[in-house]
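Below: the structure, in structure tokens.
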Amino acid sequence: MELHLYNTLTKKKEVFTPIKPGHVSMYHCGPTVYNYAHIGNLRAFVFADILRRVAEFNKFAVTQVINITDIGELSSDGEDKMVKGLRREGKPISLAAMKEMADFYAAAFLKDLTALNILPAHHYPKASEYIPQQIAFIQKLEQKGFTYTTSDTVYFDTAKFADYGKLGGIDAIDTSSEISRIGLDSEKKSSRDFALWKLSTELGFPSPWGIGFPGWHIECSTMSIDLLGETFDIHTGGVDHIAIHHNNEIAQSEALTGKPFVHYWMHENFIAINDEKISKSLKNEMYLSQLQQNGISPIAYRYFLLTAHYRTLINVSQDALDAAQKAFTKLQTSYQSLGSIIGNVHEEYFKKFSTAVNDDLNTAMAIATVWEMLKDTAISDTDKKATLDSFDTVLGFNLSTLKPIAQSQKIIQVAGKEINITYNSSKVVSQEIFNLISKREEARLSKDWTTSDKLRDELNQQGYKLLNGEHGIILE
């Protein structure tokens, strides 16, 4: 089955064809480790994880790189974000303090990835470890005539790169200040020109141009080319990276090598919180630890993200998160009820699931297929378990290793037949509910479907749902 991916470069879905048969090279823009990653940041890495898992599901070998930006990303006022972090925390403005802070937040980031069941990348390069390579990169661009130097910055001259702005169809003639990530600089030839090296009067690394830091864009190009080659398969990031960061990566990389930089560019959309974009100015960031404090497990948040396509804007609210937690608990309970014997993967549902994930990672359709399969009474529990285990290699819920949800059981007698009812131990179930279940089972045995449906609806109105399985009834 072919894997189709939406390519931002061509603005269409394409059949994925790797450069090296059977192998996929992918690079993901990682965090700037001056603070904790918020849940919007983390969506990028759940998306990257699904991309990797789908590639592996299709029998590709994968080399995956997630970089760590621990220097060099400038904020809107032109100051390095890591320096801002040091000021915020009252730490000395020194490279040693910067490294200490970076190591702390990088470890916190990796801890969040583990909590979300994100597979470890093969490489986590740090920008600070690539200073000599970045300097060499800039020098080569200088030799090729793609740079110019002002009083405090070495710039890439975008007018010298004819294809500038080809990602996302940016108009190369438009030189408005909106294109610049750090505002206007009177010494720049164009607002589109971007920093390759920024001098600093406070601290930095020695270079032929003076003490300072590499530009944010040069870091990604240097690390990705070093680990994946001058041309590689897939590069991902947020939609906010398209216009500037990723166009700048393309320009400097292709100016250096004369080769296509990346074949497939993929971008995930934003997350909004209560219909407002996550923004430091609005102070509405939300962190994984806060979700947990509100009763939402990291894996339930992963489930929530996968119910939407990665290219759609997704709105976070407590109600939506609560619904996701409830749905994931139901999925876990359903999986647990299937028993320990593993049967055969169901061919029809496997094909349906594969079609979904191979259609540009349509996880929403994939999860709908999971529920359709679980409700299908024509499939044995053993085959459901095998099929769900197969799906879970992509979805990454790790259902087989999650701690079982504590269950209680109640046996009722209906027409001389014992029926086992299983339900979550934390749920208090009154005798009145068990009586309604008994009446419904009596109606089902007598094939009185009208009464059965009426009693089912009455149970639903009281907040209870019934799932009939091989081993009895699951009460949710």
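Numbers at a glance
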| quantity | calculated |
| --- | --- |
| Spatial separation of Cα centroids for region 243-267 and region 447-476, in angstrom | 56 |
| Nearest 10 degrees, 0 to 90: helix 39-57 Cα axis against the chain principal axis | 80 |
| Accessible-area ranking of 347, 276, largest first, probe 1.4 Å | 347, 276 |
| Accessible surface of residue 20 - all protein chains present, 1.4 Å probe, nearest 10 Å² | 130 |
| Within straight-line cross-link reach of residue 454, aspartates and glutamates at Cα separation under 15 Å, skipping those fewer than 8 residues along the same chain | 441, 442 |
| Solvent-accessible surface ranking, highest first, for 456, 53 at 1.4 angstrom | 456, 53 |
| Area accessible to solvent at residue 191, 1.4 Å probe radius, in Å² | 20 |
| Extended-chain gain in nm, criterion 0.36 nm per residue less alpha-carbon gap, residue 292 and residue 401 | 37.3 nm |
| Within straight-line cross-link reach of residue 198, aspartates and glutamates at Cα separation under 12 Å, skipping those fewer than 8 residues along the same chain | 73, 79, 80, 152 |
| For the chain, alpha-carbon Rg relative to the globular expectation (2.2 N^0.38 Å, N residues) | 1.17 |
| Helix-derived mean residue ellipticity, 222 nm - over the chain, DSSP H n ≥ 4, -39500 (n - 2.57), to 500 | -12500 deg cm²/dmol |
| Charge dipole (debye, nearest 20) of region 214-297; +1 at Cβ of Lys and Arg, -1 at Cβ of Asp and Glu | 220 |
| Potential lengthening between residue 448 and residue 20 on full extension [0.36 nm per residue; Cα-Cα distance subtracted] | 147.9 nm |
| On Cα atoms only, tilt of 381-395 relative to the major axis of the chain in degrees | 10 |
| Rounded to the nearest 10 Å², the accessible area of residue 99 at probe 1.4 Å | 120 |
| Distance in nm between pseudo-label sites at residue 270 and residue 190 (7 Å out along the Cβ direction from Cα) | 2.7 |
| Percent antiparallel among DSSP beta bridges (both partners in the chain, rounded to 5) | 55 |
| Counting DSSP beta bridges with both ends in region 14-102, the antiparallel % (nearest 5) | 20 |
| Dipole magnitude of region 37-98, debye to nearest 20 (Cβ charges: Lys/Arg +1, Asp/Glu -1, about Cα centre) | 220 |
| Heavy-atom accessible area ranking, 1.4 Å probe, most first, across 330, 454 | 454, 330 |
| Entries in 126/188; 352/465; 13/81 that, when Cα-Cα distance is taken, lie over 32 Å | 13/81 |
| Pairs beyond 19 Å (Cα-Cα), from 384/447; 160/189; 59/351; 351/385 | 384/447 |
| Cα-based helix-to-principal-axis angle, 363-375 vs the chain, degrees rounded to 10 | 10 |
| Distance in nm between pseudo-label sites at residue 61 and residue 129 (7 Å out along the Cβ direction from Cα) | 2.2 |
| Note, ³J(HN,Hα) from phi for region 294-300, Karplus 6.51, -1.76, 1.60, rounded to Hz, x at Gly and Pro | 9, x, 10, 6, x, 6, 5 |
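The values are calculated or read from the model by the stated rules, or taken from the named source; none is laboratory data. This one's a predicted model, so the numbers in the text were calculated from it and none came from an experiment. Counting neighbours? That spans all protein chains shown, and the Cβs are built from the backbone with ideal geometry, glycine included. In case anyone asks, the SASA skips ligands and DNA or RNA and just uses the protein heavy atoms, side chains included. Shrake-Rupley method; radii C 1.70, N 1.55, O 1.52, S 1.80 Å.
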